[in-house]
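The block underneath contains the structure these notes are about, expressed in structure tokens.
The values are calculated or read from the model by the stated rules, or taken from the named source; none is laboratory data. Model, not experiment: these values are computed from the prediction. Here the Cβ is made from the backbone with ideal geometry for all residues, glycine too, and neighbour counts use every protein chain on show. Keep in mind that these areas ignore ligands, DNA and RNA; they rest on the heavy atoms of the full protein, side chains included. Shrake-Rupley method; radii C 1.70, N 1.55, O 1.52, S 1.80 Å.
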Amino acid sequence: MKRNYILTAAAALLALGLNAQTTFTSGQITYTVTGENTVECSGVDNTATSIEIPATVVNDDVTYDVKAIGQAAFQWSKLTEVVIPGSVDSIKSFAFYYSYLNKVTFGDGVKYIGDYAFSSLGLTNLTLPNSVEWIGNSAFYNQHDSNYQPCLTQVDLGDGVKYIGKSAFYKLAATSIEIPASTEEIASTCFLYSKLETVTLNEGLKKIGDGAFNGCSALKSITLPSTLEEVGTEVFLNDKSLTAINIPANLTSIGESMIANTAVSTITLDPANTAFVVENNVLYTTDKKLLQMAPMTGVTTHVVNDNCLGIVGGAFWGSQLQSITLNKGLLALGYACFENSSLSEINLDGPDSIAFIDEQVFAATRLTEVVLPPNPHYLNDGQFASCTALTSLTIPEGVTEIYPHALNNCTALQKITCLSAVPPTVMDYYDYYDMPFYNSNNNATLYVPKGSKAAYGDTEWSYYNIVEMTLPLEVDSTNPESGSNAEQYQTFSFDVTFNQRS
């Protein structure tokens, strides 16, 4: 037992000795040993403002190559300037996060820049070496000056970048940028809310993620390369200066609201593209089952193709569309597909095949009187929010639920007709201003079936003035059929079905 104890104690002392050697300080930088002859930077003296990281460092007569800047190594430091040697191939996540850094010089060896590595600094110029292949999520996120204004005005990405991560250049101040031919993917929200006016995309790019250029209100021109295969949702949403877009040969997947709320007047389709077609200036899938997107300016009326089964989300969001004729076989209206458009005429009660109407579909449109189709079972979130011209809405018997914001800010609303004797359930909402009827005209009259006033009065529907209605009785069917003959003195009975239950 004594011998085992001695061996255990010796092993513990040896482990302590090894751990003591894994970290050391040379000059103002702390290093952590990562291999037999390699280290990474893991800290810096809190008084240091400017450093040049050496390519090699000596400790206890051992020479180490400096291969990386470790996770959060210089986070929150007072560094304003740093020179990174060519020996460093990896800059890990949060390496310089929220330091005072405003100037960085990269050696030609860095391949990987991690998430948030240079986030929330004051960089004004950025030149990456050709060795850089990977730019992580939020790597250069939100570069700002002392007044918290975007300040990164010049960016050179080099010639080797393959991937640019999510929000990597959020709020970029530069007005132009070139994405190198090596780049295969620009990830979601990469240039969100940037000041870009022109973007050069080279052949080789395959994917642009959701919202990559969303909110770039100064963006005037961009040409999608022929190699592009996939574009995510809301990629150019709210790019108010964008006037034209092209659909290249290999593009087969387009997300919702790609050009919504822009100034695009022209959609150009490459003749070699087999996934989409243009009909009356509007882009459909080749089989015409989906209406994909429409110009935001110049198209005021549209008749939906007879084969169409659905209108993709955001297709007319923010457009000049005033009138649309839906086809009989239409099944679904996608998210915000008419939001903030000039739409004032639509035949919703025509195609009774419609089974689904997504959120905010008619929000902030100019519709005045709407009769909803019979099949959708709920009024979705924000469906008619801010429809300030809406005066009359008829809700069919099949609607069983109404969601938050559905009729928010419908200030001109005068009449709602609910055809169901059972009040549609008001779904849970967080605060009063989230309720379906918030800031709509509470003097509007809610017409409900005979005998159901009390049921509606016990719910949030009591926001409106509730009045029971009596619809005129009409015969739907008879048994025997109308026009049947009966023999003289024959005893018989017949059934009549009316268009109301009571």
Could you count how many residues in the range 183-203 are touching a residue at least 24 places away in the same chain (Cβ under 8 Å) and farther than 18 Å from N137 by Cα?
-> 8
Out of all the residues in the range 40-91, which are farther than 18 Å from I135 by Cα and charged (D, E, K, R)?
-> E40, D45, E52, D60, D61, D65, K78, E81
Considering the range 49-89 alone, what residues qualify as being touching a residue at least 24 places away in the same chain (Cβ under 8 Å), over 20 Å from V110 (Cβ atoms), in contact with a Ser or Thr (Cβ under 7 Å, 6 or more places away or on another chain) and not hydroxyl-bearing (S, T, Y)?
-> N59, K78
Give the residue, chosen from D65, D60, that is on the phi > 0 side of the Ramachandran plot and open to solvent by 60 Å² or more (accessible area, probe 1.4 Å).
-> D60
Go through the range 139-178 and give me each residue that's open to solvent by less than 10 Å² (accessible area, probe 1.4 Å), of a type in the set (G, A, S) and in contact with an Asp or Glu (Cβ under 8 Å, 6 or more places away or on another chain).
-> A139, G165
Taking A212 as the residue in question, decide whether it is touching a residue at least 40 places away in the same chain (Cβ under 8 Å) and in a loop (DSSP other than H, G, I, E, B).
-> no
Does any residue in the range 132-159 that is on the phi > 0 side of the Ramachandran plot come within less than 6 Å, Cβ to Cβ, of a residue that is at pLDDT 95 or above and open to solvent by 70 Å² or more (accessible area, probe 1.4 Å) six or more places away or on a different chain, and which pairs are these?
-> S138/Y116; N142/K171; G158/N130
Can you name the number of the only condition in (1) within 23 Å of P85 (Cα to Cα); (2) of a type in the set (G, A, S); (3) open to solvent by 30 Å² or more (accessible area, probe 1.4 Å) that A181 fails?
-> (1)
Filtering the range 41-57 for residues that are open to solvent by 40 Å² or more (accessible area, probe 1.4 Å) and touching a Leu at 6+ places or on another chain (Cβ under 9 Å) leaves a count of 2
When every residue in the range 262-294 that is within 20 Å of the chain's Cα centre (by Cα) and more than 23 Å from L348 (Cβ to Cβ) is compared, the one most open to solvent (accessible area, probe 1.4 Å) is A263
Considering only residues that are open to solvent by 30 Å² or more (accessible area, probe 1.4 Å) and at negative phi, look in the range 359-374 and name the one that is modelled with the lowest pLDDT.
-> P374
Just name the residue that is least open to solvent (accessible area, probe 1.4 Å) out of those in the range 337-358 that are under 18 Å from P396 (Cα atoms) and of a type in the set (D, E, K, R).
-> D358
Mind checking which strands (runs of 3 or more DSSP E) fall wholly inside the range 53-133 and carry at least 2 residues that are of a type in the set (S, T, N, Q)?
-> 56-59, 125-127
